[in-house]
Amino acid sequence: MLLHAVLVLAVCVVTSLGAPAMTVVDLTHQLGNDSLFWPGQPPFNFTILYRGHHDGVDSWIEMNYFALPEHGGTHIDAPAHYVQGKWRTHQIPASNLIGPGVIVDVTEKVKDNEDYAVTVDDLQEWESRYGRIPDGAVVIMRSGWSKRYPDPRLMFNSQTPNDATTFHYPGFHEDTARWLAEERSVVAVGTDAPSPDVGTSTSFPVHKVLQAKNIMLLEYVANVESLPPSGSTIVIGVVNLRDGSGGPARIMGMLGQGVGATGSGAGIRATTLLVLLAALIVGLRL
């Protein structure tokens, strides 16, 4: 009876001290026939191979075929996309596919300037509120642009979305990209717009500056407004494509410690107490 009472106490205490539940925010637009791609790329292809009952196994079976360019919908640009000799998709370390979220809100500035470029001042203002950008961070611009998806005329902000010279949308300034590449240690820079370079860019300097440092780019990120400026963890579930220059990704933002979290004071205290109680139980049995 005494052992049973101790076990019940252990469960109650650990439950009460456990880490808070984790919330997962999907930062990914659905992949389908309306997914957006840069002009000139082949369209998305989804073909049903089989969908029905199969007598041989007496069950329902679905099988499909799909094909698409690497750079469309919510996806990553591997560093090799714009810089020769840098990481291709399969070479990106798994440790670089997760990091603290840094959400830079420029929605008000974009309202007055559709070609707004995130400045170093914007990032330093973020740091004045939330502290230095953490090493290994994923920096994402929040401009409100993803609400335009998947309408190409709205997303590219052009009545001729097949002509890239007519595009207007926000991004990052080249000086900001250089500051992130040289003064901070980030693993990825993302945007809820089509590209981290502003729509009027023709030479894509942000791509070149960041990818020269093996920094990934995230494009068409969804639901950024659901994340706080600081305190989230971003997970980049990109397909492990050999020799790829990018690829479709399921990007997620996690809030709270959740099950399996490490480093939280409550979780550490609960684990420590459980070990002590286990030792007490062993002692009582002896």
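The values are calculated or read from the model by the stated rules, or taken from the named source; none is laboratory data. It should be emphasised that the depicted structure is a prediction, and the values quoted were computed from it without experimental measurement. Ideal geometry is used to build each Cβ from the backbone, glycine not excepted, and the neighbour counts take in all protein chains shown. Side chains included, ligands, DNA and RNA excluded: accessible areas come from the protein's heavy atoms. Shrake-Rupley method; radii C 1.70, N 1.55, O 1.52, S 1.80 Å.
Below are the figures for this structure:
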quantity	calculated
Cα gyration tensor shape of the stretch 110-166, rounded if a/c is under 1.5, else prolate or oblate by comparing a/b with b/c	prolate
For residue 221, distant residues with modelled amide H under 5 Å away	191, 192, 193
Rough spin-label spacing in nm, given labels placed 7 Å along Cα→Cβ, for residue 250 and residue 111	3.6 nm
Backbone HN-Hα couplings from phi across the stretch 148-160 [Karplus 6.51/-1.76/1.60, Hz, Gly and Pro as x]	7, 6, x, 6, x, 5, 7, 5, 8, 6, 8, 7, 10
Label-point gap, in nm, between residue 240 and residue 94 - each point 7 angstrom along Cα→Cβ	0.7 nm
Karplus-derived 3J(HN,Hα), 6.51/-1.76/1.60, for each residue of the stretch 139-145, Hz, glycine and proline x	9, 10, 6, 10, 10, x, 5
Estimated FRET transfer efficiency when R0 is 30 angstrom, pair residue 151-residue 57 (beta carbons, to 0.05)	0.10
Spacing of the two label points (7 Å from each Cα toward its C-beta) at residue 208 and residue 165, in nm	2.0 nm
Apportionment of accessible area to carbon and sulfur, the stretch 138-235, percent (1.4 Å)	44 percent
Karplus (6.51, -1.76, 1.60) ³J(HN,Hα), θ = phi - 60°, over the stretch 105-110, in Hz, Gly and Pro reported as x	8, 10, 4, 5, 6, 5
Extended-chain gain in nm, criterion 0.36 nm per residue less alpha-carbon gap, residue 64 and residue 132	19.9 nm
Surrounding net charge for residue 73, when Lys and Arg each add one and Asp and Glu each subtract one, Cβ distance under 12 Å	-2
Relative contact order of the stretch 135-181, defined on C-alpha pairs under 8 angstrom at six or more residues apart (%)	22 percent
Residue 172 long-range amide H proximity, modeled H, under 5 Å	118, 197, 198
Accessible area per residue in Å² at 1.4 Å probe, computed on the stretch 39-193	52 Å²
